[in-house]
Amino acid sequence: MRSTTIVVCVAALVGRVAAQGRPAPVPAAPPIGAWTPVPELPGMGRAIDTASVAARRRTLAAHVGRGVVLVPAAHEREIERDYVQDNDFRQSNPFFYLTELEAQDAWLLLVVGGDALETVLFLPPRTPSRERWTGLRLGPDSTAARLTGIARVLSTDSLDHELRATLQQGAGPLYLPLDQTTRDEARLRDLAFGGRDVRNLRPILDSMRLVKDADEIARLRKAIDISALGHVAGMQAARPGMWEYEIEAAVEAAFRRNGADRVGYPSIVGSGPNSTTLHYDVSRRQTRDGDLVVVDAGAEWGQYTADVTRTFPVNGKFTSRQKAIYDLVLAAQQAAFDSTRPGATVAQLDRVAREYMRAHSGSLCGADTCDAYFIHGLSHWLGMDVHDVGDYRTPLKAGMVLTLEPGIYLTQEALGVRIEDDVLVTAAGAEWLSAKAPKTTVEIERLMVRR
Ligand SMILES: [Mn+2]
């Protein structure tokens with residue numbers, strides 16, 4: 001090992017001396033923010049300084065002396081489990097659903113006995129010295145009671161005492177929201193393993209969350225309206241030669257400018273070959289004239305998120321080939337929408353879209369029919385989670401919100417099209433919630449010609 005190191009060092013030294021022998025051309029400094037994509041690296045990474053990292057490994061090895069070092073890489077965050085947005089705090093969905101209160105470290109206690117319901121909100125006591133850092137916090141007092149509509153607001157200091165007293169009264173099974181997001185919550189863990197009759201609250205809450213009430217629908221409408229403005233801004237900003245991140249910035253700037261709390265999920269801006277990668281989210285490629293751009297981006301507002309995808313030509317004009325694929329995706333989506341009504345299932349809508357695509361492919365996708373290139377599901381529920389909770393076998397009911405998002409991804413042609421809209425199930429059928437984002441090729445070209 002040691003001798004190899006010496007050889008490498010000597011070789012590096014010789015190289016350096018040789019380089020000093022002739023005047024090195026001074027390359028023009030690249031503009032700030034420029035970088036060199038390395039297509040073979042995952043996520044089209046930036047070039048690795050292999051000498052530096054090797055030196056670090058050697059230094060580490062020298063420190064260790066003797067032993068084994070095992071270092072795991074990070075894991076991709078899971079949209080079902082982790083909140084991948086950009087704020088330090090986001091309320092837990094079960095707590096928000098039951099309180100709409102964005103307060104940290106609070107607890108909600110419901111004591112249900114037949115018709116009687118006792119509701120207690122526990123809030124951390126206020127600490128003026130902490131509030132110099134955090135700003136004003138809601139404390140356990142009459143203000144909190146007024147703002148939350150919960151009459152009994154106590155300090156979290158009394159939670160254990162209150163809980164013990166309640167459970168000793170033989171109040172029945174204890175329901176806790178047990179899922180990955182709460183698995184590290186020490187109090188829940190102690191309760192769950194304390195030998196009581198503990199049940200998971202989540203299946204009950206999840207089935208409730210499937211059907212949105214009026215307030216939830218109003219929040220979703222707002223998030224979706226903001227998202228439509230973001231998509232329009234992205235189309236208006238796009239020019240051939242622009243980097244994907246510049247388009248992403250235009251979309252997300254419009255989100256924020258229009259009051260979004262954050263993005264609902266990492267924005268996807270994939271141009272050319274990246275338009276065929278479903279969850280491409282690094283936005284690092286420079287677009288080229290003739291590219292299609294898939295923008296899958298949704299704003300979150302008031303804890304509820306949109307999920308909208310538009311595909312447009314970066315130069316503002318679809319080629320006839322792009323238009324043909326696009327119109328097939330669009331028509332498949334419309335076919336699914338036409339069957340969206342109470343009683344239908346997501347599986348049925350998925351089948352409708354696929355069958356429409358198969359029947360209308362002609363020779364567009366070569367020997368295959370185009371549904372062979374529709375490689376993901378048509379729909380998911382939408383709400384506080386972008387892939388919202390609830391059993392996918394549930395027949396649609398008025399008040400449910402789902403996405404319809406067919407796509408065709410032709411990697412050989414670097415041609416991907418996805419169109420995704422958010423749809424509210426109504427008593428009579430369904431309503432497009434994201435109709436304010438231009439969708440037909442005519443609407444998109446008309447918007448982009450005015451840039
Ligand atoms: Mn989606």
**Q.** Lone qualifier among Thr309, Thr345 - being of a type outside the set (A, V, I, L, M, F, W, C), in contact with a strand residue (DSSP E or B) (Cβ under 9 Å, 6 or more places away or on another chain) and modelled with pLDDT of 95 or more
**A.** Thr309
Q. Among Asp327, Asp350, which is assigned to a helix (DSSP H, G or I), at pLDDT 95 or above and away from the ligand (no atom under 16 Å from the Cβ)?
A. Asp327
Q) Which of the following residues is outside any strand (DSSP E or B), within 16 Å of the ligand (Cβ to nearest atom) and either under 21 Å from Ala233 (Cβ atoms) or touching a Gly at 6+ places or on another chain (Cβ under 7 Å) (or both): Val417, Val386? A) Val386
Q) If you scan the stretch 139-188, which residues turn out to be hydroxyl-bearing (Ser, Thr, Tyr), touching a residue at least 40 places away in the same chain (Cβ under 8 Å) and out of contact with any Lys or Arg (no Cβ under 8 Å at 6 or more places or on another chain)? A) Thr148, Thr156, Thr166, Thr182
(Q) Just to verify a result, which residue in the stretch 356-379, among those that are within 12 Å of the ligand (Cβ to nearest atom) and surrounded by fewer than 21 Cβ atoms within 10 Å (Cβ to Cβ), is nearest to Leu220 (Cα to Cα)? (A) Gly377
Q. Among the residues of the stretch 200-220, is any in the same structural domain as Pro266 (by TED's automatic domain parsing), closer than 30 Å to Glu445 by Cβ and either within 28 Å of the chain's Cα centre (by Cα) or assigned to a helix (DSSP H, G or I) (or both)?
A. yes
(Q) For the stretch 401-412, give me each residue that is in contact (Cβ under 8 Å) with a residue 60 or more places away in the chain and away from the ligand (no atom under 15 Å from the Cβ). (A) Ile408, Leu410, Thr411
Q.
Out of everything in the stretch 274-317 that is within 16 Å of the ligand (Cβ to nearest atom), hydroxyl-bearing (Ser, Thr, Tyr) and buried (at least 21 other Cβ atoms within 10 Å of the Cβ), what residue ends up being nearest to Pro37 (Cα to Cα)?
A. Tyr280
**Q.** Members of the stretch 85-125 found to be in a loop (DSSP other than H, G, I, E, B), touching a residue at least 12 places away in the same chain (Cβ under 8 Å) and not hydrophobic (A, V, I, L, M, F, W, C), listed by number
**A.** Gln85, Asp86, Asn87, Arg90, Gln91, Ser92, Glu100, Glu102, Gln104, Asp105, Pro124, Pro125
Q. When you go through (1) surrounded by 24 or more Cβ atoms within 10 Å (Cβ to Cβ); (2) outside any loop (DSSP other than H, G, I, E, B) one by one for Thr340, which number turns out not to apply?
A. (2)
**Q.** Scan of the stretch 251-273 for residues that are buried (at least 24 other Cβ atoms within 10 Å of the Cβ), farther than 29 Å from Ser92 by Cβ and away from the ligand (no atom under 16 Å from the Cβ), ordered by number
**A.** Ser271
Q: Would you point out the residue of the stretch 191-250, among those that are β-branched (Val, Ile, Thr) and closer than 30 Å to Asp289 by Cβ, that is surrounded by the fewest Cβ atoms within 10 Å (Cβ to Cβ)?
A: Val232
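The values are calculated or read from the model by the stated rules, or taken from the named source; none is laboratory data. Because the structure is a prediction, the values reported are computed rather than measured. Note that we place each Cβ from the backbone using ideal geometry, even for glycine, and neighbour counts take in every protein chain shown.
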